[in-house]
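> Could you have a look at this structure, given as C-alpha cells, before my questions?
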Protein chains: 2
Amino acid sequence: MLGIEELSMINVLTIRRMAQSRCLGGATMELVTGGAGFIGSHLVDTLVDEGKRVRVLDNFSSGREDFLSHHQDSGMVEIFKGDLLDIDAVKSAMEGIKTVHHLAANPDIRLGTEVTDTDLRQGTLATYNVLEAMRNSDVRRISFSSSSAIYGEASVMPTPETYGPVKPISLYGASKLASEALITAWCGTFGAKSWIHRFANIVGPRGTHGVIYDFIHKLKKDPSRLEVLGNGLQEKSYMSAEDCVRAMVHLVDETDDTINLYNLGTGDTCSVRRIAEIVVEESGLEGVSIEYTGGDRGWAGDVPKTSLDVEYLFSTGFEPTMQSEAAIRHTARALIDEIGL
Amino acid sequence: MLGIEELSMINVLTIRRMAQSRCLGGATMELVTGGAGFIGSHLVDTLVDEGKRVRVLDNFSSGREDFLSHHQDSGMVEIFKGDLLDIDAVKSAMEGIKTVHHLAANPDIRLGTEVTDTDLRQGTLATYNVLEAMRNSDVRRISFSSSSAIYGEASVMPTPETYGPVKPISLYGASKLASEALITAWCGTFGAKSWIHRFANIVGPRGTHGVIYDFIHKLKKDPSRLEVLGNGLQEKSYMSAEDCVRAMVHLVDETDDTINLYNLGTGDTCSVRRIAEIVVEESGLEGVSIEYTGGDRGWAGDVPKTSLDVEYLFSTGFEPTMQSEAAIRHTARALIDEIGL
C-alpha cells in the first residue's frame, strides 16, 4: 500500500499498474468507496479475510490511512485517493471491478441542520456518479450502505422493510433514500443488481463520529461531568461495525434478487441514558455527573426512537455476535483506547 | 401578463413591482413552479377560480405562454421566467409567497433511458433549490407533484400509500422519491409543512407528452396505422388534469398534518390497447391498423401495470368527475383539437 501523499489523481494509472503487478492475478476485485472510513475499513478487512482483492476509493475527508495500514504488506488492497464528485476519478476506479460496495458519505447526520447541501452532494450526487461510472464500465453489482434514517419517525416499531410511506426527517436520511431510489432505477433501467442495507446505528472501533465518540471526547475535556443532548430517553438499535460488514458480505453472497433490500441490526435497542452509563463505567472515572439538556431529541432531524425489525435478515441465516448493549460496551472500550482519556 | 420575451431574469424586480401594483392588495399569493406547463397551468386556473393571486415560475422549456394567455387581463397572474437551477431566480420568486406549488419537472419519463442527469437536475436538484429558497425566505408550505412512478413494480395492487419498500425503476421515479425525501427532511429539520401528491398518469387538454399525445402525432403522420410500444396490455390509472388539480387544492385546504401524503387517481385503470382504440375512435379515421411492437413494457423503466389505491384521498371527501376511460376520451378529443389531424 502506498502512502496517501503519493496518491494524487494524476498518479492513478501508475498506482493501478503497480498494484496489479503486486496483487493476486485472476481473483475478482471489489471496489469499496469510503473504504478508508469507519465502516468501510471494517468491510475491507472482511473482504480481504475472504481472499478478495480490494480497491479503496476514498477522499480521506473522514477516512484515515491508519485504518488500512495493517493491509500494507498483503498486496490485497490498493488505494485510490479520489473524490466521488470527480466523475473521472470514479470512472478510473471501475476498471476490473466486479462489485461496488458504496459506503462513502457524509458521516455526520447533524451537519444537515447547518449546511444543507453536504448530504445532497456527498450522498445523492456521489451515488449518481458511482452508478454512472458503473454504467459506463459495464459494472453491474452494487452493495449500498443505506440507513434506518430513511424511515424517519416510523409509526410501526420494530420497523420492517415493508413499512411505508417512508418520511426521513434528516437531510442525511433524505440523501440515503434518494440514493436507494437511484440504485433501484438503475436496476430497472440499465440492468444493474443491487444490495441495499438499511443500517441501524453502527458503532465500533475506528468510529469517527456518533454518540459514544462524542461522550468520550466530552469526558476527555471535562472528566467531572457528561452533558447528554436531549433527555436521554432517545432509544435506538445499535450494531457493531464487525457484525454489520459481516451481514453485508453475507447478503451479497447469499441473496440473488435484482434488488436485495434488508434492515441490518440486532433486533433490540438501547437508550442514550444507558449509553452514557456504559461509557462512564468503561472510562473508569469516578463521580461523573451525567447531565441532560432536555427535550425528546438531540437535535432537529434526530429521530428519538428507532427499532429495526431484522427478521428478514435473520431469515437468511445471519446472526449478530453482539446485541446493542454489548456492541456499545465493545465500542466504548475500543474508542477509549483509541482516543485516550 | 407580460410576454415572455420581456421576462429575462434581470427584469424580475421590475416585473414584480409592476405586478404588485396591478394585483389585488392584501390577498395571499401562491407560487406555482412549472405553472406554464401542462398540469401547472390547470392548477393556475383552479387557484385563480378560488380568488387567489398566483405567481408562475417557469423556464418555458415545455411550458407555453398560451397555456396562461386567458389570464392576461385578470391581474391575478404574474409570470417569472426563470430556471429552478438558478437559485437566485428561485429566491426572487419567493417574496410574499404563502404556499409553493412545486410542479416543475422534466415531463418525459422515457428520457431517463438516454440522458441520465435530466431527472436528477430538473427533479432532485430543482426541488432542493425550491426548499432552500423557501428556508431562506421563511416560506413554510409546499405542495408537491410526486408520482406513482415512485412505487416501481409494486407487488400490491391497488397500491396504497403505506406500500413499501418503494423501488422506482425509472430515473423519473427516482427523482420524485428523492424530492419527497428532501421535502420530508425539510419538514423534520426546518419546520416546513407539506402536501405530497403521488399522481396517477395525468391526462388532459394542454398535454405535451404521454401516450395519447404520442398516438395523435403518430396518426397525424400516418393515418393508416398506429404503432403501440409493447403488447398493449400495459395497464395504468389515469386521471384528468382538471380532477388532479382540484384534488391538490382540496387536500391543501382540507388536510393539515405536517406531512400530508396522498395517492391521486380515480380508483380504476385502463389498458394501452383500450387507449389506442379510444384515440382511433375519436380521430374519426377509418381503417386504422393498430400494431404492437410486443413485450410487456413500452421501454426500459416503463412500469407495465400500475393501479393506485385512492381510498385515503376519497376519505377526505374528494370525488373525481371522470374515471380513467372518460378522462382518456376527454383528453383525446381535446388534444386532437389542439394538435389537429
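All of the numbers you see were taken from the coordinates with simple rules; none came from a lab. In this text the structure is predicted, and so the values were computed from the model without any measurement. No Cβ is skipped: glycine too gets one built from the backbone with ideal geometry, and neighbour counts run over all protein chains shown.
> Say R0 is 45 Å: what FRET efficiency, to the nearest 0.05, do B:E114 and B:D73 get from their beta-carbon distance?
Numbers: r = 42 Å, r/R0 = 0.93.
Result of the calculation: an efficiency of 0.60.
> Further question: Working from the pairwise distances between different alpha carbons, so that the mean of 1/r is found and then inverted, what is segment B:190-341's Kirkwood radius in Å? If you can, show how the numbers build up before the last one.
Details: mean 1/r = 0.0611 Å⁻¹.
With all distinct Cα pairs of segment B:190-341 included, I get 16.4 Å.
> Give the cross-link partners of B:K91 among the aspartates and glutamates, using a straight C-alpha distance below 17 Å as the criterion and excluding same-chain residues fewer than 8 apart.
Partners within reach: A:D117, B:E30, B:D58, B:E78, B:D83, B:E132, B:D138.
> Here's something else I'd like to know. Compute from the Cα atoms of chain B the Rg and the Dmax, the latter being the longest Cα-Cα distance, and quote both in angstrom.
Computed over the Cα atoms of chain B, radius of gyration and Dmax are 19.6, 60 Å.
> Counting Lys +1, Arg +1, Asp -1, Glu -1, what net charge surrounds B:K218 among other residues with beta carbon under 12 Å of its beta carbon? Walk me through the intermediate numbers first.
On the way: positive: B:K220, B:K221, B:R225; negative: B:D214, B:D222, B:E227, B:E291.
Net of charged neighbours comes to -1.
> Could you line up A:F318, A:F38 from fewest to most neighbouring Cβ atoms inside 10 Å? Mind dumping the intermediate values first?
Details: A:F318 18, A:F38 24.
By the 10 Å Cβ count, ascending: A:F318, A:F38.
> Okay, next question. Using a Gaussian network model on chain A with a 10 Å cutoff between Cα atoms, which of A:S62, A:S74, A:S41 fluctuates the most?
Looking only at A:S62, A:S74, A:S41, the largest GNM fluctuation is found for A:S74.
> Restricting to the protein assembly as shown, compute how many DSSP beta bridges are antiparallel as a %, nearest 5.
Numbers: 4 of 88 bridges.
So the antiparallel bridges amount to about 5 percent of the total.
> Rounded to two decimals, what ratio of Rg to Rh does segment B:261-341 give with C-alpha atoms and a Kirkwood Rh? All intermediate terms of the calculation are to be shown ahead of the outcome.
Numbers: Rg = 15.4 Å, Rh = 14.9 Å.
Using Cα coordinates only, the ratio equals 1.03.
> In the structure displayed, which of A:K176/A:K236; A:K305/B:K167; B:K98/B:K193; A:K305/B:K193 lie more than 20 Å apart, Cα to Cα?
Details: A:K176/A:K236 18 Å; A:K305/B:K167 25 Å; B:K98/B:K193 11 Å; A:K305/B:K193 22 Å.
Over 20 Å apart, Cα to Cα: A:K305/B:K167; A:K305/B:K193.
> Also: Among A:S92, A:S240, A:S179, whose mean-square fluctuation peaks in a Gaussian network model of chain A (Cα, cutoff 10 Å)?
Of A:S92, A:S240, A:S179, the Gaussian network model singles out A:S92 as fluctuating most.
> Using helices alone, I'd like the mean residue ellipticity at 222 nm for chain A: each DSSP H run of four-plus residues gives -39500 (n - 2.57), total over residue count, nearest 500.
Numbers: 10 runs with 119 residues, N = 341.
Estimated from H runs of four or more residues: -11000 deg cm²/dmol.
> Report the normalised scattering of the protein assembly as shown as log10 I(q)/I(0) at q = 0.06, 0.10 Å⁻¹, calculated by the Debye formula with identical scatterers on the alpha carbons.
-0.37, -0.97
> Still on this structure: Per-residue Cβ counts within 10 Å, from other chains only, averaged over B:187-193: what number is that?
Values: counts 4, 15, 14, 6, 1, 0, 0.
The mean count of partner-chain Cβ atoms within 10 Å per residue comes to 6.
> Moving on. Amide H neighbours of B:K305 under 5 Å, counting only residues 5+ apart in sequence or on other chains, H built in-plane at 1.01 Å?
B:E235
> At a 10 angstrom cut-off on C-beta neighbours, averaged per residue, how do the peptides B:46-55, B:142-151 rank from highest to lowest? Before the final figure, lay out the partial values.
Working: B:46-55: 18.3, B:142-151: 25.6.
The most tightly packed comes first, giving B:142-151, B:46-55.
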